[in-house]
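Quick note: the coordinates plus some simple rules give every number you see, no bench work behind them. The structure displayed is predicted, hence computed values, not measured ones. Backbone-built Cβ (ideal geometry, glycine too); neighbour counts: all protein chains shown.
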Number of protein chains: 2
Amino acid sequence: MNAPRWLTDTEQRAWRAHLALHKLLMHRLDRELQEFELSLNDYEILVNLSESPERRMRMSDLADATIQSRSRLSHQISRMEAKGLVVREDCRDDRRGTFAVLTQQGWETIQRVAPHHVASVREHFVDRLTDDQLDELDAAYTPIVEHLKKLR
Amino acid sequence: MNAPRWLTDTEQRAWRAHLALHKLLMHRLDRELQEFELSLNDYEILVNLSESPERRMRMSDLADATIQSRSRLSHQISRMEAKGLVVREDCRDDRRGTFAVLTQQGWETIQRVAPHHVASVREHFVDRLTDDQLDELDAAYTPIVEHLKKLR
C-alpha cells in the first residue's frame, strides 16, 4: 500500500462534523419519538409502507429501501407486529415471498406522529440551515449517494 | 398543535440526501472493515482509545464520546475483549468506575487498519467533495452539533 493520505484539517473537520451531527441528531429524534412509543427505525418502516401502493411492500424491497439486512428487518417487523402496527402476509401468486402490510392502527399512528416528527426534524436540523445550505447539501451528497448505490 | 409545517421540496431533498448518504456510507465503510475482522463500531472505539492519554478511557466518557448508552457500550467492549483488542480495568483510587484500555494487539490493529480505513473514507466521501463543499459542510453542521450537545 502507498503512503497513507491522512485527512487534512479541513477534511477532518467536515468528516467529524458529519459523523457527530448524524449521531446526535438520530439520538434526539429517537428520543422525541419515544413519547409515542416508537423508535426511529419503527418510524422509517411506517413511512415507507404508508407511501407505498396499498400500504404494503415486499420484505426484500423494504430491506433495500431501509438499507438493512433481511434478517435485521425481520426482527424489526416482528416487534412492530407485536405492537399491532404491521402484519406479514404471504402472497400465494408470488413466490418471491412475504409482504409487510401497514395495519389500520399503523396508519393512524403515522398520521398522528408525523406532524410531531417533522417539527423535530425542523427544530433540530432543517430550520437551522438556509435554503442555500440545503441546496449545497443536496448537490454535495446526492452524487455520492448515486455512487454508493452502484456498489451495493 | 398548530398545522404541521411539512418539508418543502428543497428541504425534503436535503434531508433525504443526508439520511441516504449516511446509511449507504456506513454500510460501505463497515463492509470494507470486515476484511480486517472489525466493525465500524469496533473501529470507532479503537480510534477513541488510541487518541487518549495512556490509551485508556473511563467507560462513561467513552459512552459519551461515542454517543451510545452505557449498556450498549458494555456489550461492545465485551466483544472486543474477546478479540483481544481491549481490556477492562477497575481503578482502585477512583470510584467512578471502570476503564477500557487498548491492548498492544488493539494498538497494532488500529495502526495496521487506519491507512485502509482513511483510503475508504476518501474514496467514498472526502475525495468526492471540493474544499469549498467541505468548508460549507463544516459551517452548516458544526453549529447544529453544538445545539444538540446542549440537549444531551
Residue-averaged [θ]222 nm for chain B, counting only DSSP H segments that reach four residues, each worth -39500 (n - 2.57): -21500 deg cm²/dmol
Helix axis angle, B:131-151 relative to chain B longest principal axis, alpha carbon, degrees: 70
Taking the convex hull of Cα positions in region B:29-152, its mean projected area over all directions (nm²): 9.1
Residue of A:68, A:12, A:133 that the Gaussian network model of chain A assigns the largest fluctuation, springs spanning Cα pairs under 10 Å: A:12
Derived scalar couplings ³J(HN,Hα) [region B:49-55; Karplus, 6.51 cos²θ - 1.76 cosθ + 1.60; whole Hz; x for Gly, Pro]: 5, 5, 8, 9, x, 6, 6
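Looking at the square roots a ≥ b ≥ c of the eigenvalues of the Cα gyration tensor of the protein assembly as shown, which shape do they give, rounded for a/c under 1.5, prolate if a/b is larger than b/c, or oblate? Write down the numbers at each step before the final one.
On the way: a/c = 1.59, a/b = 1.39, b/c = 1.14.
Verdict is prolate for the protein assembly as shown.
Would you mind giving the mean number of other chain beta-carbons within 10 Å of the Cβ of each residue in A:21-32, as a whole number? Could the numbers behind the result be given before it?
Details: counts 11, 10, 7, 9, 8, 3, 6, 4, 0, 0, 2, 0.
Taking all residues of A:21-32 together, the mean is 5.
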Acute angle (nearest 10 degrees) that the helix A:104-124 long axis makes with the longest principal axis of chain A, alpha-carbon atoms: 10
Label-point gap, in nm, between residue A:58 and residue A:108 - each point 7 angstrom along Cα→Cβ: 3.2
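Let me check I've understood the local charge: for residue B:38, count other residues with C-beta under 12 angstrom from its C-beta, Lys and Arg +1, Asp and Glu -1. What total comes out?
Numbers: positive: B:31, B:79, B:83, B:112; negative: B:30, B:32, B:35, B:37, B:42, B:44.
Every neighbour counted, the sum reads -2.
Rounded to the nearest 0.05, what FRET efficiency do residue B:75 and residue B:34 give with R0 = 25 Å and r taken as the Cβ-Cβ distance? Could you check?
Rounded to the nearest 0.05, the efficiency is 0.85.
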C-alpha long axis of helix B:70-82 to longest principal axis of chain B, angle in °: 50
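Inside 10 Å of the C-beta atoms of A:144-150, what's the mean count of C-beta atoms belonging to other chains?
Working: counts 9, 10, 2, 8, 10, 2, 0.
Going residue by residue through A:144-150 and averaging, the value is 6.
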Region B:1-65 - Debye-derived log10 I(q)/I(0), Cα point model, q = 0.12, 0.13, 0.22 Å⁻¹: -0.55, -0.61, -0.92
Label-point gap, in nm, between residue A:5 and residue B:151 - each point 7 angstrom along Cα→Cβ: 3.7
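So which of A:83/A:149; A:150/B:83; B:23/B:83; B:23/B:150; A:23/B:23 end up more than 21 Å apart by C-alpha? Kindly include the intermediate steps, with their values, before the conclusion.
Details: A:83/A:149 32 Å; A:150/B:83 33 Å; B:23/B:83 26 Å; B:23/B:150 25 Å; A:23/B:23 12 Å.
In this structure, A:83/A:149; A:150/B:83; B:23/B:83; B:23/B:150 exceed 21 Å between Cα atoms.
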Peptide A:120-127 - average C-beta neighbours from other chains (10 Å radius): 4
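Ignoring the sites themselves, what is the longest stretch of chain B with no GluC sites (Glu not before Pro) in a DSSP loop and at most 16 other beta-carbon atoms within 10 Å? Numbers along the way, then the final one.
Numbers: sites that count: B:35, B:37, B:51.
Formally, the longest exposed-site-free interval is B:52-152.
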